[in-house]
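The values are calculated or read from the model by the stated rules, or taken from the named source; none is laboratory data. Because the structure is a prediction, the values reported are computed rather than measured. Cβ coordinates were reconstructed from backbone atoms using ideal geometry, including for glycine residues, and neighbour counts include every protein chain displayed.
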Amino acid sequence: MNIFNIFTKNKINSNNYEARASIEAVAPEQIYESASLELQDVIAPSVLKIEPKYINLGDKIARTFFVISYPRFLTDNWFSPIINLDRVFDISIFVHPIDTSLILRQFQKKVAEVQSQINTREAKGMVRDPMLDTSYQDLEELRDSLIQAQEKMFNAGIYITIYAENDFELFKIENEIKSMLESKLIYIKPAFFQQEDGFKSVIPTNTDLLDIHQKLNSESLSSVFPFISLDLTSDKGILYGQNRHNSSLVIFDRFSLENYNSVTFAKSGSGKSYASKLEVLRSLMFDIDVIVIDPEREYEFLAETVGGRYFNISLSSSHHMNPFDLPIPREDETTEDVLRSNIINLVGLFRLMLGGLTPEEDSMVDRAISETYAIKDITPESDFTNIEPPLLSDFEMVLGGMTGSDSVLQRLAKYTKGSWSTFLNRPSNVDINKNFIVFSVRDMEDELKPVAMYIIMHYIWNAIRRNLKKRLLVIDEAWWMMKSEDTASFLYSMAKRGRKYYLGLSTITQDASDFMKSSYGVPIITNSSIQLLLEQSPTTIDILQKTFNLTDEEKYLLLESSVGEGIFFAGLKHVAIKVIASYTEDQIITSDPSQILSNRKAKEEQERGQTPS
């Protein structure tokens, strides 16, 4: 047993334990006074104790192992379970090339020995030995590959150092690693009485002091390739979180994929809105315009912080959006196309508002919309630049002059007269000429929420089509949109057509079952290149497993995840993710009620000129 202080300045010979034991420790006060603290003094443990079976590093103990034997064949990625193991350990792989001419001479001798043994057994009339026959065949094949320069031979050493708090934890980790390797017929041994050399061989100093090697050819050695953990770290994009397997950063640019859409599924309280707000905040840093439909007023503080605009849409709100507004056609569009598209969307809106339409009523409404535009001199040949669009009351007037419209007029009256008229029957006065816009529908009656969300989306869609710019549209609690065939159809249309207008659609919901019940649920998912699955409830996990082709391990990972943890899909890749935010970001985007109250109290005290406690 040898104990020595790391503060010594003397160079220590690692093989001379007696000399090391005699070295006097330099007091910390002397180091402080001399101001000669070096890097190794900072990163090294306060004390080091070398035992035959492990090394004590102060509050940690470490044990080093080496691989001693391999099976006849090594499968691809056999090292993957070890590298991705959720434990603290270090691995060093030393590869020493062997001269091909030298190994061929050795093979020639070995082949002759094996052939001699086979011939001797045959001469004695003994039964053929399958192991000898297999060895002879493998040697001949490998020798041919070496001669043809298809393979090379290497001396390879693999050393693993594991760390633990105590003996029991060390024993547990050791058995876990042994069991994983031995199931593949790969065996390891601890470096007894060589723990110091083993530890020095694993730390990044490129010194192979153990010098315990096995011969591997190129094909077998390639299976040891250590960088096999799937990651989603790209050169550009925003930080979505941390890879839970290898702690790499999940950095991705949604606008680099074939479409820019995403879907997020998570149960209540699992961090879906937190993750969404974090993406919004980081997207704004890259000059991406963001528009949010917020059903629970969760984005208000974020909008205030970044200087965005916040519109609270309700029956008593001063903000209005006229569904009859028309966008100015782009260069690749005609006024006829824009008018026709707007009429089709309006028919869908009236189906939603009026609780459905018969085929006759549907045709009548379609004709009435066209005539309503016509009384304002809006035709397929008109210039939409300086027009005054009609209102819902104009549509009601036109409809009143049509035969058989009584039923439709009765249902429409609640939107043109009384308290509900303040919501729809007004000219638009909403300006969304800002980088960050939030529409809140929390104070809207539940009966009108789908209608309000449809109108907001219709208004946003018209605004997006006016000019080409990189944008992100976030629809939180999207299950409201999936309750109606028309709203779900409109959402799907935006998911399909958004790429043309440089729009990324982000759909977020906590009710996966309702979302999937819609005939547009799966198509919206398949038209979303990014999917984020956070913690799930047992009632919905089977639906998601079938939809996303999850393995049983991924299924249980989602059931057992903590807040902000889940699986991130991007294109054909997916990783286990943990959403991470800085302190400042967390203060802005948190949805924790206790934290929000604390922040409000601190803000009020600051405004009163008091110092927050």
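Suppose we filter the stretch 108-159 for residues that are polar (S, T, N, Q) and within 30 Å of D90 (Cα to Cα); how many remain?
So the answer is 1.
Can you give me the number of residues within the stretch 507-523 that are within 21 Å of the chain's Cα centre (by Cα) and in a loop (DSSP other than H, G, I, E, B)?
2
So G157 fits all but one of (1) closer than 30 Å to D59 by Cα; (2) outside any strand (DSSP E or B); (3) touching a strand residue (DSSP E or B) at 6+ places or on another chain (Cβ under 7 Å); what number is the exception?
Failing condition for G157: (2).
Could you list, in sequence order, the residues of the stretch 454-496 that are at pLDDT 85 or above, within 16 Å of I313 (Cα to Cα) and touching a Pro at 6+ places or on another chain (Cβ under 8 Å)?
Matches in the stretch 454-496: I455, H458, Y459, D476.
Determine which single condition N549 fails, assuming it passes every other condition in (1) at pLDDT 90 or above; (2) out of contact with any Asp or Glu (no Cβ under 7 Å at 6 or more places or on another chain).
So the condition that N549 fails would be (1).
For the stretch 186-267, please list each of the strands (runs of 3 or more DSSP E) lying entirely inside it that holds at least 2 residues being farther than 30 Å from Y501 by Cα.
187-190, 214-217, 238-243
Farther than 19 Å from L532 by Cα, polar (S, T, N, Q), touching a residue at least 40 places away in the same chain (Cβ under 8 Å) and outside the structural domain of T75 (by TED's automatic domain parsing): is that true of S273 in this structure?
no
Within the stretch 58-114, track down each residue that is closer than 23 Å to T134 by Cα, among the hydroxyl-bearing types (S, T, Y) and not assigned by TED's automatic domain parsing to the domain that holds K184.
Of everything in the stretch 58-114, just one residue is closer than 23 Å to T134 by Cα, among the hydroxyl-bearing types (S, T, Y) and not assigned by TED's automatic domain parsing to the domain that holds K184, namely T100.
If you scan the stretch 176-192, which residues turn out to be within 13 Å of F66 (Cα to Cα) and touching a residue at least 60 places away in the same chain (Cβ under 8 Å)?
Selection gives I177, L181, I186, Y187, I188, K189, P190, A191, F192.
For the stretch 524-595, which strands (runs of 3 or more DSSP E) that fit wholly inside it have 2 or more residues that are in contact with a helix residue (DSSP H, G or I) (Cβ under 7 Å, 6 or more places away or on another chain) and closer than 19 Å to Y274 by Cα?
Correct list: 530-534, 565-570.
Within the stretch 268-296, take every residue that is in a loop (DSSP other than H, G, I, E, B) and among the hydroxyl-bearing types (S, T, Y) and give me the one that is nearest to I589 (Cα to Cα).
Filtering the stretch 268-296 for residues that are in a loop (DSSP other than H, G, I, E, B) and among the hydroxyl-bearing types (S, T, Y), the one nearest to I589 (Cα to Cα) comes out as S270.
In the list K236, K200, which residue meets the criterion of being of a type in the set (K, R) and either farther than 25 Å from S582 by Cβ or touching a Gly at 6+ places or on another chain (Cβ under 8 Å) (or both)?
K200
Please work out if S341 is free of Cβ contacts under 8 Å to residues at least 12 places away in the same chain, outside the structural domain of P295 (by TED's automatic domain parsing) and not in a loop (DSSP other than H, G, I, E, B).
yes
What residue, of T372, T385, is outside the structural domain of V451 (by TED's automatic domain parsing), touching a helix residue (DSSP H, G or I) at 6+ places or on another chain (Cβ under 8 Å) and of a type in the set (S, T, N, Q)?
After ruling out the rest, the residue left standing is T372.
Got a sec? Which helices (runs of 4 or more DSSP H) wholly within the stretch 32-147 have at least 3 residues that are under 46 Å from the mean Cα position of the chain (by Cα) and hydroxyl-bearing (S, T, Y)?
Per the criteria, no element qualifies.
Give the residue that is surrounded by the fewest Cβ atoms within 10 Å (Cβ to Cβ), with candidates limited to residues of the stretch 344-376 that are in contact (Cβ under 8 Å) with a residue 24 or more places away in the chain and more than 47 Å from the chain's Cα centre (by Cα).
E360
Within the stretch 491-506, is even one residue under 22 Å from D253 (Cα atoms), touching a residue at least 12 places away in the same chain (Cβ under 8 Å), among the basic types (K, R) and part of a loop (DSSP other than H, G, I, E, B)?
no
List, please: which pairs have Cβ atoms under 8 Å, are six or more places apart or on different chains, and start with a residue in the stretch 65-92 that is touching a residue at least 24 places away in the same chain (Cβ under 8 Å) and β-branched (V, I, T) and end with one that is part of a loop (DSSP other than H, G, I, E, B) and loosely packed, with under 12 Cβ neighbours inside 10 Å?
Pairs that qualify, where the first residue is touching a residue at least 24 places away in the same chain (Cβ under 8 Å) and β-branched (V, I, T) and the partner is part of a loop (DSSP other than H, G, I, E, B) and loosely packed, with under 12 Cβ neighbours inside 10 Å: there are none.
Check L281 against each of (1) touching a strand residue (DSSP E or B) at 6+ places or on another chain (Cβ under 8 Å); (2) aliphatic (A, V, I, L, M); (3) assigned by TED's automatic domain parsing to the domain that holds I530 and name the one condition it does not meet.
(1)
Test F311 against the criterion of being of a type in the set (F, W, Y) and touching a Phe, Trp or Tyr at 6+ places or on another chain (Cβ under 7 Å), and give yes or no.
yes
Condition test on Y187, is it out of contact with any Cys (no Cβ under 8 Å at 6 or more places or on another chain), modelled with pLDDT of 90 or more, buried (at least 18 other Cβ atoms within 10 Å of the Cβ) and among the hydroxyl-bearing types (S, T, Y)?
It is false that Y187 is out of contact with any Cys (no Cβ under 8 Å at 6 or more places or on another chain), modelled with pLDDT of 90 or more, buried (at least 18 other Cβ atoms within 10 Å of the Cβ) and among the hydroxyl-bearing types (S, T, Y).
Which residues, counting only those in the stretch 121-169, are more than 21 Å from S223 (Cβ to Cβ) and at pLDDT 90 or above?
T161, I162, Y163, A164, E165, N166, D167, F168, E169
Quick check on the stretch 377-402: of everything there that is surrounded by fewer than 16 Cβ atoms within 10 Å (Cβ to Cβ) and among the β-branched types (V, I, T), which residue is nearest to R330 (Cα to Cα)?
T385
Considering only the stretch 450-473, I want to know if a residue exists there that is buried (at least 20 other Cβ atoms within 10 Å of the Cβ), assigned by TED's automatic domain parsing to the domain that holds D332 and β-branched (V, I, T).
No; the residues of the stretch 450-473 include none that is buried (at least 20 other Cβ atoms within 10 Å of the Cβ), assigned by TED's automatic domain parsing to the domain that holds D332 and β-branched (V, I, T).
Tally the residues that are in contact (Cβ under 8 Å) with a residue 24 or more places away in the chain and of a type in the set (K, R), restricting the search to the stretch 507-565.
1
Given the structure, is S405 surrounded by fewer than 21 Cβ atoms within 10 Å (Cβ to Cβ) and of a type outside the set (F, W, Y)?
Criteria met by S405.
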